[in-house]
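Throughout, read-outs are computed from the coordinates displayed, never taken from laboratory work. Treat the numbers as computed from the prediction; the structure is a model and nothing was measured. FYI the Cβ positions are ideal-geometry reconstructions off the backbone, even for glycines, and counts take in every protein chain you see.
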Amino acid sequence: MRGAHAKSEHAQPEHVIPADSSAGPAAVVVGGGMSGLLAARGLATAGFAVTVLEASDAWGGCVGSHIVGGLTLDSGAESFATRSTAVADLARDLGLGGNIVAPHPGGAWVQLPDGPQELPKTGVLGIPANPWDPEVRRSLGFAGSLRASLDRYLPASLGTSAKVASVSSLVRARMGKRVLERLVAPVVGGVHSADPGLLDVDMVAPGLRAALRQQGSLAAAVASQRKAAPRPASSENSSGTAKAGSAVGGLIGGMNTLVSAIVAELRSQGVALVSGAHVDSIARTVNGWQATAAGKTYDAGRLVVALDGPAAIGLLEVGIPELSALRPAAGPMVSLVTLVVDVPELDRRPRGTGILVAPQTEGIEAKALTHATAKWDWLAEEAGPGTHVLRLSYGRGEGVDARESAAARSVAVQDDDALFEAALRDASTLLTVPIVREDVLDWDVVRWAGALPFAAVGHKQRVAEVRRICAEAEGLSVVGGWLAGNGLAAVVADTSAQIGAIL
């Protein structure tokens with residue numbers, strides 16, 4: 001990930017008390033991504049004197065920002081799932097409730113081997129709530145919709161009786177191969193950068209199998225989850241309105257404004273935010289825990305580790321050896337190419353808010369394209385007529401052993417210039433509008449190594465075991481997307497629950 005700081009090679013450890021003991025019991029949070037900031041917020045509110053140690057020079061992890069073409073844009077997550085109110089509630093707590101918006105009602109598309117189709121708007125992970133919906137039928141064909149509709153006649157135990165199941169095994173058994181390949185694989189690849197055959201359905205779609213058992217069919221389960229999901233309310237100063245089935249929300253100014261608001265609040269609470277502090281080691285002490293970073297040792301009665309899975313286990317396994325066997329696989333390398341272009345032809349939003357790419361589609365290297373100025377009206381107003389922001393994502397885990405196919409991996413790790421050229425080709429093909437170098441006002445490449453947690457089949461059980469072991473180590477908490485599940489909504493809800501439990 002960009003901005004990572006190297007370990008200090010020469011500084012001698014210096015014992016540091018992170019806060020005056022009169023301010024409350026000391027707590028150290030390792031990691032300044034969203035889960036770490038939220039943990040610090042909860043602890044500070046409860047009266048702890050909190051120090052947050054972050055290896056990079058930026059806060060928020062995958063919820064970051066960069067300036068491209070004079071526009072401040074999200075460099076990572078640019079929306080949040082509305083399956084719960086967790087993110088919206090957080091935004092309101094931070095005074096950003098009036099900035100919550102829904103995307104433009106244009107819908108998204110999917111690029112299939114035989115051409116583009118509108119993506120059904122009433123699905124979960126691409127699984128349709130109604131196999132005979134016109135948009136679904138256009139993607140599946142009559143035979144595909146007929147096979148998918150058999151789902152309602154199958155026993156509810158099919159796909160739910162096994163202790164664990166992949167997304168692929170559940171969808172294939174209930175609705176068939178065509179739904180899997182033409183709807184689910186593009187969505188899962190775009191959101192999770194992984195093959196649906198590798199992902200634990202209970203982690204990436206929590207509650208779906210339980211709803212299937214209750215409702216009697218997968219389609220009915222999807223419909224019930226969609227119905228229960230709150231829709232983001234548009235703010236008074238935005239023209240964005242929610243379209244039926246809209247499953248995401250955003251913030252005027254971008255999701256990065258959430259991080260800015262949290263950081264400002266933490267500073268006002270007296271939280272010590274230490275950047276450039278790569279934690280080298282964690283040790284248990286008589287009175288709690290010690291974290292050593294950049295030549296300094298921080299004492300704390302309460303330690304929260306808010307890192308990615310491999311890094312968290314790497315630090316903790318020295319003192320808690322039984323965690324070693326539970327180390328998760330690293331997520332795939334994902335590269336995000338952002339283009340700011342002067343192409344008035346894109347004013348007509350040729351592919352709605354964006355387009356996902358089915359893995360079997362030839363000739364396109366990107367796994368997804370977000371037409372950001374078509375998706376967010378506030379950004380379109382800021383950019384002005386004819387100026388458009390395009391975000392193309394590269395890198396998708398495909399192989400069970402390697403976690404990524406060689407092709408997907410080679411695309412994601414190309415140098416910036418090669419990725420830029422690939423983005424021009426892919427954007428032109430996907431949007432059906434020629435985009436050449438001369439049209440580009442500015443561009444940037446951001447790389448995320450392992451930022452998307454890899455929720456392999458059986459991961460939910462491993463998470464439970466990790467948390468059981470950590471709960472037995474007094475004063476220790478572990479949070480993050482690898483435990484909560486991918487996505488801001490999951491991280492916000494889970495971190496709040498974990499910190500709430502220890503308080």
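Annotations for the structure displayed:
- Which labelled figure in [x] 0.97; [y] 0.90; [z] 1.08 is Cα Rg over 2.2 N^0.38 Å, once derived from the coordinates: [x]
- 0 to 90° range, to nearest 10: angle between helix 134-149 axis and the chain longest Cα axis: 90 degrees
- Cβ crowding within 10 Å averaged over residues, with 167-176, 116-125 ranked highest first: 167-176, 116-125
- Cα→Cβ-extended label distance, 7 Å offset, between Gln414 and Leu158, nm: 4.2 nm
- Virtual spin-label span in nm between Asn287 and Glu438, 7 Å along Cα→Cβ: 7.0 nm
- Net lengthening on full extension, Glu317/Thr45 (0.36 nm per residue, minus Cα-Cα): 94.9 nm
- Remark: the Ser268-Glu421 segment gains 50.6 nm on full extension, using 0.36 nm per residue and subtracting the alpha carbon distance.
- Degrees between helix 218-228 axis and first principal axis of the chain (Cα, 0 to 90, nearest 10): 60 degrees
- Angle between the chain longest axis and helix 488-502 axis [Cα atoms, degrees, rounded to 10]: 30 degrees
- FRET efficiency, Glu465 to Arg92 (Cβ-Cβ, R0 25 Å, nearest 0.05): 0.10
- Put simply, the Cα atoms of the stretch 428-503 extend 60, 28, 19 Å along their principal axes, the longest span coming first.
- Relative contact order [Cα under 8 Å, 6+ residues apart], the chain, whole percent: 24 percent
- Take the Cα of Arg138, step 7 Å toward its Cβ, do the same at Thr85, and the gap between the two points is 3.5 nm.
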